[in-house]
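The values are calculated or read from the model by the stated rules, or taken from the named source; none is laboratory data. What you are looking at is a predicted structure, and each value in this text was computed from that prediction instead of being measured. Positions of Cβ are generated from backbone atoms using ideal geometry, with glycine treated the same way; all protein chains shown enter the neighbour counts. Just so you know, the surface numbers come from the protein's heavy atoms only, side chains and all, with ligands and any DNA or RNA stripped out. Shrake-Rupley method; radii C 1.70, N 1.55, O 1.52, S 1.80 Å.
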Amino acid sequence: KSSNSKVGIATFSYNGKGIITDLLELNNNNKGTLITKVDGLNAGGGTDPNFGLNNAYNKLTAATKEGDTLPKYVILFTDGEPTGNSTDKSEGKKWSTEAQKRAEATAKKLKDNGVSIYTIGFALSPRAEKFLAGDKPNGYPGIASSAECAKEAYDAAGLSELFRTFEQTIFNDIDITNATITDTIDPRFDLLDDKGNIITEKSLTNGTLTLENGGVVRRLDNGNWQVQWTNVTIPNKK
């Protein structure tokens with residue numbers, strides 16, 4: 001919806017290795033690049049969200065210094081507790097207070113710099129829920145910007161629904177630029193030109209008629225009328 005938007009992907013594990021992409025503009029070529037990167041991911045190592053959050057912090061603050069004034073967001077995916085380098089095979093990986101504190105500190109830096117953080121958790125324990133959403137009376141400041149920004153998904157359908165929610169929330173705050181708006185009109189309706197005259201096929205020059213408001217009128221093969229506006233800026237809802 002916003003041709004100026006950019007997306008980057010960072011993976012995280014205790015060893016800090018993984019995929020980090022630059023912030024890429026949303027065009028068809030970059031979409032393919034991002035999908036290829038995601039297709040190449042493998043799970044491994046302890047869970048240390050700070051590596052991902054810190055990579056996001058570095059990329060987003062660099063963008064701001066370069067003059068990027070667009071609102072900035074982080075969406076953190078995690079399947080559970082911050083275990084850091086805990087690899088106790090007899091009891092499973094254990095909660096790492098150090099990994100928890102690292103993530104909380106970097107999340108605070110992001111939020112202090114105006115970045116909104118959403119979290120998506122999979123199969124979370126009650127403690128992990130508090131870690132992401134926040135429970136200040138019990139010592140969890142939270143990774144997400146607020147409890148409402150901490151979500152859970154259990155399947156692909158749930159994940160898609162969350163992204164629709166994020167999209168609606170995010171685009172409340174920014175203008176949509178370079179948009180194309182298309183209105184298709186049933187031929188049983190009369191369409192009027194700027195002088196109030198009914199538009200017919202004889203009104204069209206080389207198949208189109210441009211209205212004073214920039215709308216371009218044409219007749220479609222199925223008989224419908226179409227009015228289309230291009231390079232439009234749609235103001236944000238605020």
How high is the relative contact order of the chain, given as a whole-number percent (alpha carbon pairs under 8 Å, six or more residues apart)? 15 percent
Taking the Cα centre of region 183-238 as origin and charging only Cβ (+1 Lys, Arg; -1 Asp, Glu), how large is the dipole, in debye to the nearest 20? 220 debye
Solvent-accessible surface (1.4 angstrom probe) belonging to Arg218, in square angstrom, nearest 10: 70 Å²
Have a look at Phe12, Phe189, Phe122 and tell me which one the Gaussian network model of the chain (Cα, springs below 10 Å) gives the largest fluctuation. Phe189
What number comes out for the charge environment of Lys59, summing +1 per Lys or Arg and -1 per Asp or Glu over other residues with Cβ under 15 Å away? +1
Angle, helix 156-170 long axis vs. longest principal axis of the chain, Cα atoms, 0 to 90°, nearest 10? 70 degrees
Where the centroid of each part is defined by its Cα atoms, how far is region 1-52 from region 170-201 in Å? 38 Å
Given backbone amide H placed at 1.01 Å from N, residues whose amide H is under 5 Å from that of Tyr140, ignoring those fewer than 5 places away on the same chain, are Asp135
When the charge dipole of the chain is computed with +1 on Lys and Arg Cβ and -1 on Asp and Glu Cβ about the Cα centre, the Cα farthest towards its positive end, among Ser116, Phe189, Thr169, belongs to Ser116
Counting Lys and Arg as +1 and Asp and Glu as -1, each charge on the Cβ, what is the dipole of region 119-238 about the Cα centre in debye, to the nearest 20? 220 debye
Compute the helix-to-body angle for 28-39: its Cα long axis versus the longest principal axis of the chain, expressed 0 to 90° and rounded to tens. 30 degrees
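Hey, if we sort Leu211, Leu70 by accessible area with the 1.4 Å probe, largest down, what's the order?
Leu70, Leu211
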Ignoring ligands and nucleic acids, what accessible area does Asp190 show with a 1.4 Å probe (Å², nearest 10)? 110 Å²
What do you get for the angle between helix 97-112 and the principal long axis of the chain? Use alpha-carbon atoms, 0 to 90 degrees, nearest ten. 30 degrees
